[in-house]
1. Name the single residue that is farthest from Leu309 (Cα to Cα) among those in region 630-655 being of a type in the set (D, E, K, R) and surrounded by 20 or more Cβ atoms within 10 Å (Cβ to Cβ).
2. Going by what's in this entry, would Leu168 be described as open to solvent by less than 20 Å² (accessible area, probe 1.4 Å) and over 21 Å from Ile8 (Cβ atoms)?
3. If Leu159 satisfies every condition in (1) within 33 Å of the chain's Cα centre (by Cα); (2) in a helix (DSSP H, G or I); (3) more than 27 Å from Lys24 (Cβ to Cβ); (4) of a type in the set (A, V, I, L, M) but one, which is the exception?
4. Looking at region 300-316, which of the residues that are in contact with a Cys (Cβ under 9 Å, 6 or more places away or on another chain) and open to solvent by less than 30 Å² (accessible area, probe 1.4 Å) is farthest from Arg43 (Cα to Cα)?
5. For region 464-494, enumerate the residues that are touching a strand residue (DSSP E or B) at 6+ places or on another chain (Cβ under 8 Å) and open to solvent by less than 30 Å² (accessible area, probe 1.4 Å).
6. So Thr201 ticks every box in (1) among the β-branched types (Val, Ile, Thr); (2) in contact with a helix residue (DSSP H, G or I) (Cβ under 8 Å, 6 or more places away or on another chain); (3) assigned to a helix (DSSP H, G or I) but one. Which box is left unticked?
7. Condition check: without any contact (Cβ under 8 Å) to a residue 12 or more places away in the chain and either open to solvent by less than 10 Å² (accessible area, probe 1.4 Å) or not small (Gly, Ala, Ser) (or both). Does His558 satisfy that?
8. Considering only residues that are surrounded by fewer than 19 Cβ atoms within 10 Å (Cβ to Cβ) and among the small types (Gly, Ala, Ser), look in region 319-336 and name the one that is farthest from Leu93 (Cα to Cα).
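The values are calculated or read from the model by the stated rules, or taken from the named source; none is laboratory data. The shown structure was predicted, so the numbers you read here are calculated from the model rather than taken from an experiment. All Cβ positions, even for glycine, are placed from backbone atoms using ideal geometry, and neighbour counts span all protein chains on display. The accessibility values were calculated without ligands, DNA or RNA, using every heavy atom of the protein model including side chains. Shrake-Rupley method; radii C 1.70, N 1.55, O 1.52, S 1.80 Å.
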Amino acid sequence: MLSEAAEIEHCLMCTYLYAVFSMKQSENEDLEPDELRAVGRWRSEITAIAIDEMLHLVLVNNLLISIGARPHYRRFNFPISPGLFPADVAVALAPLDAATLDHFIYLERPRSVVEQDAAVFDKRPYQRAGLAGRLMDAVDDYATVGELYETIGASFIELAGKLGEAGLLVGARSDQLSARDVQMPHLCTIASLADVAAAITLIVHQGEGSADSSEHSHYSRFRRIRDQWRELALSRPGFMPSRPAARNPLMRTPVVTGERVQITAEPALSLVDIGNAAYGLMLRLLALLSDAHQCPPERARVVEQGLALMHALTDIGSAITRLPANPAHPGQNAGLTFTVSRTSLEYPSREAAAWLVAERLEMLAERAAELTGHLPILAVHGRRWLKDAEFWKAWGRKAPISTGGSKTMVTPHNAASEASEPNPGEPAGSAVSNISSAVTVAAGRDVTIRFDATRCIHARHCVTAEPEVFLANTPGEWIFPDRADWTRLAIVAHDCPSGAIRLTRQDGKPGETAPAVNLVRVRENGPLAVHAEIELAQASGPGESGFRMTLCRCGQSHNKPFCDGSHVAAGFQASGEPPTRPSDPLPTRNKVLRIVPLQNGPLAFRGALEICSGTGRTVDRLDEVRLCRCGHSENKPFCDGTHLRIGFEAAGASA
C-alpha cells in the first residue's frame, strides 16, 4: 500500500507539473492583463500543490524506511494503464484546460462530496477485489486516495499491536529525509505510531481537507481556480490559459492507439530528451539520499543538486510546450514525457554511485551546451552540472570534497591587536587612529572601542544610547570611550546588531562573550541579524569571527555577505515574521556557529542555532540550514534553490 501511495503521489506531482509547464506566461500569448495576472496566480498555486505532492512522496518513503523497506521512487510511464490503480484513479499528462481542472478536483475530492470526472480521461469500470487469506501482497480497491491512507494508518496500528512499535518500526531513522536535509514545511521523520498518524493526517488534510479545515486543501484550491476561470471565460469566451501541449506525449512510436502524440520535431525532441534525463537523475539522487553508505554526508548539498535539476526541468518543460510536436499533428505542441527507464536506482558501492552520477551530470552538461542556441538558460544549468560532477568524482575517490573557490581558514579576530597604542604623554580618551578609511579605533582608560564602517547598518543604538560617547556627524574625533563606564559601553556594543562596534578591556579581562543561545533574527524587509560565536568563511583571505553580524538577504549588497543597506534602495520586501515550523529543543544551544557563503548560492549555517522572527518568536531550531541570500526564494528565509534559476552571482567560500 505504501509503494502504491508513493506511485500515486509521484504521478500526481508529474501531472500537476505538466499542467504548469503548459500555462501561458505573457500577454502576447492571447491573454488580457487581468487574465495574465490570474494565470500567474494559478501557475504559482498549482506549483505549490505539486511541491506538496513531493512532500507527500518523501513522507511516504519515510514511512517505508521506518518499517525496514527501501524508498520507492519508481513508477509506471504515462499514460497509466487502467488496472494499475483503482478505476477512479486515472492519471495522464494533459495541458491545463477545463477538463484537466475537473479531473484534478475529482482526484483530490473527499469521500463526502460528489464530483464528476472529465469524460476525456480513460476510465473503465473494474474492481480490484482481494482474495481472503492470500500470501501475495496486493492492494485492494479504494474510492479515494484518502481512503487508501486511512487503510495504511489502520494497518500500522494493527501490526504494531502484534509486533510492538519496536518490532514494526525497525528502519534507521537517520536514513529518512528530515527538515535538516530539505527545507519542506511539515516534513517529519517516523519513529513512533504518533509520527505515523501525524504524517498520514497531514497528507490527507493537505489533499482533500478535513471537517474543520478545508480552505487550504488541494481540493478547495483547485475549486477556487475553477471558479475564477469560469468568471474569466464568461467575460471573454475565447479565454484559454494554456498552450496546446499534447496529451500523453511519447518519444517512441505508440503501440496502443488512442490519444497519444509522438514527438518527432526538433528542437522539441532533443529538449524532451535532456529534460527526461535530468528528471531521471533527480530520482537517482532522491534514492541515494536514503542510503548512508552511498550518499555523501553533505546530504543538504545533494538535496540542493536535486532542486537544481528540478529548476532545470521547469525551464525545459515550459520551453517545450511552445514548440511543435510533430508535422503529422499540426497545432499541437510538445510536452515533457517524464519517461523513466528500467534502470535500478540502487548501487553496489559508493564508488559506482558516485561515478555514475558524475558521468550523467557531465553528459547533461555536454548536451546542454549543444542546445543552448534553442534555450539559452541551459548554459547556466550546464555550468552547474559540471561543478556538481566534480563533487561526485571527489566522493568516489574518497577525497576531500571541494565546493569551489579557495580553501579558507577562519582565525580569531583580536581587535586589541589592531589598535594603535596611544603616545605615553597623550591624555587618555583621545587616542583615535584610522587603521583604514573604514575602521576607527579609540582607546580610553578602561576600554578600546573599534568601529568598522563597512559593517555598520545604522541601527543608531550607539548614538541614541550614549550620545556623549558617539558624536555622530562630527568631523575628526567622534568616539570618546571615557565618557561612559564599561558596563554602559558593553550594553551599546551588545545592542549593535552588525558587530560594527567591538570593545576590548584594557585590564586584560574578557570582554564580550558568546551568548547563551545562538540566534538568527529575521529583520522585516531587511537582513539576517546573527548573535552567536561566529566563524565566517570568506572567498579570499582569512575568515572572520565575532559575536554579531548582519548578513545580506536581499541579494543587492555591494559588500556581500554583509548587509550594506541596499535593501532599502532596492525596495526589498520579505516578512520578518515567517511561520513557525515544528522543531524540538536543541540539546546544545550555543556551540560555535560556522557560516559559509556558498558560491552563487545561499548562506550555509552549521552549528546550533535558533531562527527567530523580528518580534522574537521562534521560527525553527536547527543544527544545519541554508538561508536565502539571493532575495528571491519563495520560502524565505530558507533557500529553495531559486538562486540557480535566476543566475544569482556572489562570491563564495569552501564549506
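1. Applying the first criterion (of a type in the set (D, E, K, R)) to region 630-655 yields 634, 636, 640, 645, 649.
Cutting the leftovers down to surrounded by 20 or more Cβ atoms within 10 Å (Cβ to Cβ) gives us 640, 645.
On the way: Asp640: 12, Arg645: 10 Å.
Step by step, filter region 630-655, then rank; the result is Asp640.
2. On the way: open to solvent by less than 20 Å² (accessible area, probe 1.4 Å): yes; over 21 Å from Ile8 (Cβ atoms): yes.
Judged against the criteria, Leu168 is a match.
3. (1)
4. Start the filter on region 300-316 by keeping residues that are in contact with a Cys (Cβ under 9 Å, 6 or more places away or on another chain), which leaves 302, 304, 307.
Among the residues that remain, those that are also open to solvent by less than 30 Å² (accessible area, probe 1.4 Å) are: 302, 304.
Values: Val302: 27, Glu304: 23 Å.
The selected residue is Val302.
5. Selection gives Val469, Phe470, Ile479, Pro481, Leu489, Ala490, Val492, Ala493.
6. With respect to (1) among the β-branched types (Val, Ile, Thr); (2) in contact with a helix residue (DSSP H, G or I) (Cβ under 8 Å, 6 or more places away or on another chain); (3) assigned to a helix (DSSP H, G or I), Thr201 is out only on (2).
7. Working: without any contact (Cβ under 8 Å) to a residue 12 or more places away in the chain: yes; either open to solvent by less than 10 Å² (accessible area, probe 1.4 Å) or not small (Gly, Ala, Ser) (or both): yes.
The answer is yes for His558.
8. Among those residues, the one meeting the criterion is Ala328.
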